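Here the structure comes first, spelled out in structure tokens, and everything after it is commentary.
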Amino acid sequence: MSNSSSVYLTVKKGFNFVSQEKKKNNNLPKWTESSIKKTQTIKKIVCGGGFYFLVWKKPNKLEFYQKDKKKRKYQLPKNETIKDIASSRYTYLILTESGKVWSLANSNRYKEVPLFDADQRTLEEIRYVTFFEEKKLFVNSLRMGSASCYYLCNGDQLYASGFNSDGRLGIGKYGGKEPMPVYVQDKVSKIFAGIFAMSFFFITSKVDLLYACGSNYYGQLGIGSTVEQIKPTVVQNIKGSKILTVSSSISFSILITNEGQTYSCGNKKTNGHGAQKNIFTLIPKLKEKKVIQLATGSNGTLVLTDQNELYGWGYNEDFYYPTEEDKINPKYPTKISLPGFYTNYLGSKDQIQIACGSNVSFLYLDFKNSLSKDLRLLFESQKFFDCEIGTLGNKIPVHKAIIEFRTKLTIDQIQNKLFGEKSINKEQTLNFLKWIYYDEISDLEKLEQIFNLLELTFPPSVDNTLEKDIAQLYKDDDSKDFKILVKIEDDNQDKDIDDEEEEDKEGKYEEIPVHKFILLARSGLFRAMFDYVNEKDNTNKVQDYTNKSIKSLKILIKYFYTNSIEMAADQDPKLIVDELSDAVEYYQLNDQCNFESELLKIKKQFDLN
């Protein structure tokens, strides 16, 4: 993930070991701000079936929280990078980019994973699962359910292990103590499940086919009957090519399409219809909504729309989420109240993330804006600053342009307001600077105090996010403090050499104005240039000796501010795409995925693939 600014959760009574404030006694639960909000770079929160959950910190760090016990920290070997995490009631499986599987097990009675101990309790350590390496299987993805697990190996081979009651492994009536091949008519391309799943779903290489197997007492497989399936069976009325995700639980299944439509089947109390369904049927109350995210617990569901609206339904005394209606157990999707922080402080590319288990549900922010990541690295590098704020002996170096533009105050004004008679301390200053540089709020109350001292509106509105501020900064030529000098090639090949030597040296270059901190944050090439430039001779210019055209470089510079590749109507798209195709490597861009995604959009727009 990203730079998580604050984590909110709802909890059962007695499960407030990560909470800063106690839950109030009333009919409906409240979102509670968690002390793990100070955790940086949260990628994902993964809940188990009980009073515990795992926090994934990129690239290979994990934190485990359990009721009445201290937080545990885990780190995989440095050469291993986490790709995904799956959980069941009892076990977490960590998949790394190398195709290896690691386990953190509270119990292995049902042999969810092929460990040597018959009943293993290893919450104190993460163990490497050797089975797949011994069988020469590269694990591409994995999903866990209730005491069972599926593994997609070597691209399209499906394996399953664990408890095989109700035929949930899809391998017949027996087996399951170690991973066994699952026969599906076509090669499998994707697998789905939920923490409490007693049934699984697969998409095959024939993308219009969706398969299901396992428990079906409530019709939760969506196959038109309530007969359990011990082998994968085709779900008739849903096309696999239209599926975004599927999540199943004890008695129901929820399916989201690529268009954001929500379908469900199973138990009438938990499927969102209020009526028993044994085929996937569109949920009427969400028909006009585009759902983009799904989380299921043991007996409840959360969905998030593209407008950051949160809905929930099911057994709320188990699931615990605050609804806007006085209903403890809503059978139909009910809008859920969000903390004021979330409703007032969401940029267009900032996304709420949701997670839930049987006893806890979470909200946290995923800053998808790569600017925030790059500026965080710049701020933490402790290099290239051009001024300071703070008191004597307690000064903090900063970049003038970003501070002044985000606050609309001068450095002197900020200095006078914050470090006058009511001086703030270094911790409060750093809290304020985190918001300036990468939109992080690690202490909401202290940040509000600083905003009040600066006479700024709090909380920041959607018009005052980092993304929007930096995009506006691109247009502010007056504050641009550096210029890139791009060498202009002379097309006049017959020009006299003596005349060329007498030509004004400045005439050989075109100047591109830019903010120095933007170049430093976004490009390793320009950081290297600034490291070596002789600032005594050239205090506000840096030369770019690239053989790329000025047009493509200008497009790249605008991308640095806006995260978007934009071309003028009179520009040759093929030339621009060709010149930008190696920009990630040449300019040493930090946000490779985002840049390549934007470039792909241009290729599709002009049919350049």
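The values are calculated or read from the model by the stated rules, or taken from the named source; none is laboratory data. This structure is a prediction, so every number in the text was calculated from the model and none was measured. When we count neighbours, we look across all protein chains shown, and the Cβ atoms used for this are built from the backbone with ideal geometry, even at glycine. Side chains included, ligands, DNA and RNA excluded: accessible areas come from the protein's heavy atoms. Shrake-Rupley method; radii C 1.70, N 1.55, O 1.52, S 1.80 Å.
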Projected-area average for the range 63-111 over all orientations - Cα convex hull basis, square nanometres: 4.0 nm²
- request: Just the number, please: Stokes-Einstein D of the range 144-212 in µm²/s, Kirkwood Rh from C-alpha pairs, 4 °C, 1.567 mPa s.
  value: 109 µm²/s
Spin-label pair GLN382/VAL234, simplified geometry with 7 Å Cα→Cβ offset, distance in nm: 6.4 nm
statement: Rounded to a whole number, the Stokes-Einstein D of the range 37-92 in µm²/s (Kirkwood radius over Cα pairs; 10 °C; 1.306 mPa s) is 135 µm²/s
field: Segments 516-529, 73-86 sorted - mean Cβ within 10 Å per residue, highest first
entry: 516-529, 73-86
message: Given Cα positions, please report Rg to Rh for the range 192-333, the hydrodynamic radius being the Kirkwood one.
response: 0.95
statement: Taking protein heavy atoms only, a 1.4 Å probe, and rounding to whole percent, the accessible area of the range 374-493 owed to carbon and sulfur comes out at 45 percent
- line: Label model pair THR391, ASN329: point-to-point distance (7 angstrom along the Cα→beta-carbon line) in nm is 5.8 nm
query: In the range 375-449, what is the volume of the convex hull around the alpha carbon atoms, normalised per residue and reported in Å³?
result: 90 Å³
query: Using a Förster distance of 22 Å, how high is the FRET efficiency between ARG127 and LYS71, based on the Cβ-Cβ distance and rounded to 0.05?
result: 0.65
message: Bin width 5 Å, origin at 0, all Cα-Cα pairs of the range 69-212: what percent of pairs per bin?
response: 2, 11, 20, 24, 21, 13, 6, 3, 1, 0
query: Quick one: Kirkwood hydrodynamic radius for the range 144-264, alpha-carbon pairs, angstrom, one decimal?
result: 13.8 Å
task: Ignoring everything but the protein chains, give the 1.4 Å probe accessible area of TYR332 in square angstrom, nearest 10.
output: 100 Å²
query: Which value in nm describes the separation of the simple spin-label points at LYS61 and ASP582, placed 7 Å from the Cα toward the beta carbon?
result: 3.6 nm
- prompt: In nm, what is the difference between 0.36 nm times the number of residues separating GLU134 and GLN605 and their Cα-Cα distance?
  reply: 164.9 nm
